[in-house]
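Engineer: Please find one structure pasted underneath; my questions will follow.
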Amino acid sequence: MSRAWLIVVSCAAGAGCSAPSEPQTSGAVVFEGARLITGDGGAPIERSAFVVEDGRFARVGHQDQVAVPAGASRVDLTGKTVMPAMVDLHGHLGFQDVPAGTMSKETYTRDNLIDHLERLAYHGISAVIGVGDLVDRSDLLGGRTRWGDVPFRVRSETIPGAALFRTSGPGIAWPGSGAQGHPSRSDVPYPVTSLEEARAAVDDYAAMKPEFIKIWVDDRGGRTKKLTPAMYRAIVEEAHTRNIPVVVHGASLADAKELVRAGVQGWAHTPVRREAVDEELLAIVRQQAAGKLRTKMWMTPVLRTAWLTSQGGRRPAWLDDPLLRETYPLQQNEELAMEMAAVTPDQAATARRTFENDARNTMLLRAAGIRVVLGTDTGQLRHRIGYFAHLELESLVAIGMSPADVLVAATRDSADVAGMNAGMAAAGRSADFIVLDANPLDNISNTRKIADVYLRGRQVDRAGLRARWQAQFDRNDSSGGSPGVTPGQARTASP
């Protein structure tokens, strides 16, 4: 990245910025005085200083120990806390028209996908992997879907003020058992019903150069068939011959054992849901974790939905968070509030039991060797793009992880799994960081108290994004209001 990319900008109100409007000759900027959470799990650096040059961290340490380049511009962050920007490994982006509160394939355009990436950046997310993306693929009948190449074009770009985008392509599933929540997504994965189709799907899929191959092994509560062991073993085998990781959505306890044995690396959601893991599965995980897998095993638990529903029957305080109101229309937030308030005691109790079971499974599997990383399942109508990443962090603390461990999971570990030079405030890493008004190590919800976000050394124009989104909301209101999503419809959304 050229030095012209770096700018020094005025800070948000209260940030105490003393930098001029243009960088000096050195092209370096030093940020001073903040409590710095580096992302490695160690104690934060009080009264830190870090130098950013050419979009990367150049020097990081205590304010009295970091040598400042001659002519460097200075930004005073005294009283602030800084943490690395987050990386989201499980996003369903592009389908949702946020101002209108609708979803469709027609909405999946370059401009709309970039809007979603800007929303992620606004919330302190530097990169995301799209899952179940709308791309041209084989229909396995000799033809093609002709859905275009938007994800491939956007992944090749570095867009100012937006999260980096990577794609896992469309995914593979038994017909009807894949992406759920809205009809626009239900036919996106390869529809596989035989070993021959499974191998053909991987062959076509591999040409996309995806970050990983996503498969669904879920009968949706008995409503559909699912990939058989022979099918998913063939998929894993074919993927691994091409050096492509495989990530699984959902599995029964029996399937999870077979999938771990087969060498699956990632899990979208906790590997086993609705059942309790047993010692046999934990032993298999421990054995694989100690072996020579291509990558370490990881999971994005996404326990937020059950955790939030377990608190239903009232209006949750987070719905009045200014951060949420800045990025989603008031009407849609009020509809979600009504849905939350309508949760019955029985529904809340069921959700609590589900959450407790999945939390136990997650912590046992984590102890056995599957890393927890950040994935939000974001992008569907009920899932607030960007904002729900912060609630996901809170749900991980609720299962027993410490705030420090959660921040490592969402930053360094997620970046490492994604193969991105991000996720840490360390020399040589991309200068992606969040300036906070409070310390998330004291209370994880403080990650929502965002003063500024910097991506690749450049400040995100959050005020400009807010103004644009509000204008969209106002235009939509003046044209008759958003169709939104009724409480009943919203409740149908699931990963």
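Engineer: I'm checking my understanding of the structure. Among residues of segment 267-323 that are closer than 23 Å to I244 by Cα and of a type in the set (S, T, N, Q), which one is surrounded by the most Cβ atoms within 10 Å (Cβ to Cβ)?
Structural biologist: Among those residues, the one meeting the criterion is T270.
Engineer: Pick out the one residue from T241, T224 that is closer than 27 Å to P151 by Cβ and at pLDDT below 95. Step through it out loud before you land on a result.
Structural biologist: Working: T241 fails: at pLDDT below 95.
Checking each option against the conditions leaves just T224.
Engineer: Follow-up question, since we're still on this one. Mind listing whichever residues of segment 224-239 are out of contact with any Asp or Glu (no Cβ under 8 Å at 6 or more places or on another chain) and buried (at least 18 other Cβ atoms within 10 Å of the Cβ)?
Structural biologist: L227, M231, A234, I235, V236, A239 - these are the residues of segment 224-239 that are out of contact with any Asp or Glu (no Cβ under 8 Å at 6 or more places or on another chain) and buried (at least 18 other Cβ atoms within 10 Å of the Cβ).
Engineer: When A179 is evaluated against the numbered criteria (1) crowded, with 22+ Cβ neighbours inside 10 Å; (2) within 21 Å of E106 (Cα to Cα); (3) modelled with pLDDT of 95 or more, which criterion, by number, is the only one it fails?
Structural biologist: All conditions are met except number (3).
Engineer: Another question, if that's okay. Test R185 against the criterion of being modelled with pLDDT under 95, out of contact with any Lys or Arg (no Cβ under 8 Å at 6 or more places or on another chain) and either crowded, with 20+ Cβ neighbours inside 10 Å or aliphatic (A, V, I, L, M) (or both), and give yes or no.
Structural biologist: Working: modelled with pLDDT under 95: yes; out of contact with any Lys or Arg (no Cβ under 8 Å at 6 or more places or on another chain): yes; either crowded, with 20+ Cβ neighbours inside 10 Å or aliphatic (A, V, I, L, M) (or both): yes.
In short, yes.
Engineer: Name the residue that is surrounded by the fewest Cβ atoms within 10 Å (Cβ to Cβ), counting only residues in segment 126-139 that are touching a residue at least 60 places away in the same chain (Cβ under 8 Å) and either farther than 21 Å from H249 by Cβ or of a type in the set (S, T, N, Q) (or both).
Structural biologist: As a first pass, look at segment 126-139 and keep what is touching a residue at least 60 places away in the same chain (Cβ under 8 Å): 126-127, 129, 131-132, 135, 137-138.
Filter once more, so that each one left must be either farther than 21 Å from H249 by Cβ or of a type in the set (S, T, N, Q) (or both): 126, 138.
Working: S126: 29, S138: 17.
Of everything passing the filter in segment 126-139, S138 is surrounded by the fewest Cβ atoms within 10 Å (Cβ to Cβ).
Engineer: Is it the case that A422 is assigned to a loop (DSSP other than H, G, I, E, B) and under 17 Å from A127 (Cα atoms)?
Structural biologist: yes
Engineer: While we're looking at this one, here's another question. Is there any pair with a first residue in segment 226-249 that is in contact (Cβ under 8 Å) with a residue 60 or more places away in the chain and in a strand (DSSP E or B) and a second that is crowded, with 22+ Cβ neighbours inside 10 Å and of a type in the set (F, W, Y) whose Cβ atoms are under 6 Å apart and which are 6 or more apart or on different chains, and what are they?
Structural biologist: V247/F212; H249/W216
Engineer: Could you pull out the residue among A451, A415, A404 that is of a type in the set (A, V, I, L, M, F, W, C), in contact (Cβ under 8 Å) with a residue 24 or more places away in the chain, touching a Gly at 6+ places or on another chain (Cβ under 8 Å) and not assigned by TED's automatic domain parsing to the domain that holds V260? Steps first, answer last, please.
Structural biologist: Numbers: A415 fails: not assigned by TED's automatic domain parsing to the domain that holds V260; A404 fails: not assigned by TED's automatic domain parsing to the domain that holds V260.
Result of the check over A451, A415, A404: A451.
Engineer: On to the next question. Return the pair list, or none, for Cβ contacts closer than 8 Å from residues in segment 178-204 that are part of a loop (DSSP other than H, G, I, E, B) to residues that are of a type in the set (F, W, Y) and crowded, with 21+ Cβ neighbours inside 10 Å, at least 6 apart or on different chains.
Structural biologist: Cβ pairs passing all conditions: G178/W216; A179/W216; H182/F95; P189/W216; V192/W174; T193/W174.
Engineer: G379: assigned by TED's automatic domain parsing to the domain that holds L319, at positive phi and at pLDDT 95 or above, yes or no? Walk me through it before giving the result.
Structural biologist: Numbers: assigned by TED's automatic domain parsing to the domain that holds L319: yes; at positive phi: yes; at pLDDT 95 or above: no.
No: the conditions fail for G379.
Engineer: Moving to a separate point now. If we scan segment 204-212, do we find a residue that is in contact with a helix residue (DSSP H, G or I) (Cβ under 9 Å, 6 or more places away or on another chain) and among the charged types (D, E, K, R)? Spell out the reasoning first.
Structural biologist: Applying the first criterion (in contact with a helix residue (DSSP H, G or I) (Cβ under 9 Å, 6 or more places away or on another chain)) to segment 204-212 yields 205-206, 208-209, 211-212.
Okay, now just the ones that are also among the charged types (D, E, K, R), so 209, 211.
Looking for residues that are in contact with a helix residue (DSSP H, G or I) (Cβ under 9 Å, 6 or more places away or on another chain) and among the charged types (D, E, K, R), one finds at least one in segment 204-212, hence yes.
Engineer: Something else: Any idea which residue in segment 84-116 is surrounded by the fewest Cβ atoms within 10 Å (Cβ to Cβ), counting only those that are of a type in the set (V, I, T) and more than 30 Å from A427 (Cα to Cα)?
Structural biologist: Here is the first cut: in segment 84-116, the ones of a type in the set (V, I, T) are 87, 98, 102, 107, 109, 114.
Those left that are additionally more than 30 Å from A427 (Cα to Cα): 98, 102, 107, 109.
Details: V98: 23, T102: 18, T107: 18, T109: 14.
Looking at residues that are of a type in the set (V, I, T) and more than 30 Å from A427 (Cα to Cα), I get T109.
Engineer: Quick test for you: out of G161, G132, pick the one residue that is in a loop (DSSP other than H, G, I, E, B), on the phi > 0 side of the Ramachandran plot and touching an Asp or Glu at 6+ places or on another chain (Cβ under 7 Å). Please lay out each step first, then the result.
Structural biologist: Numbers: G132 fails: touching an Asp or Glu at 6+ places or on another chain (Cβ under 7 Å).
Only one candidate passes the filter, namely G161.
Engineer: Can you tell me which residue in segment 1-40 is modelled with the lowest pLDDT, limited to those that are assigned to a loop (DSSP other than H, G, I, E, B) and under 15 Å from R429 (Cβ atoms)? Spell out the reasoning first.
Structural biologist: Residues of segment 1-40 assigned to a loop (DSSP other than H, G, I, E, B): 1-2, 6-27, 33-34, 37-40.
With under 15 Å from R429 (Cβ atoms) added as a condition, the list becomes 1, 37-40.
Working: M1: 34, I37: 98, T38: 97, G39: 97, D40: 95.
Only one residue fits best here, namely M1.
The values are calculated or read from the model by the stated rules, or taken from the named source; none is laboratory data. From a predicted model like this one, the values you see are computed outputs, not experimental measurements. Please note: Cβ atoms are built from the backbone with ideal geometry, for glycine as well, and neighbour counts cover all protein chains shown.
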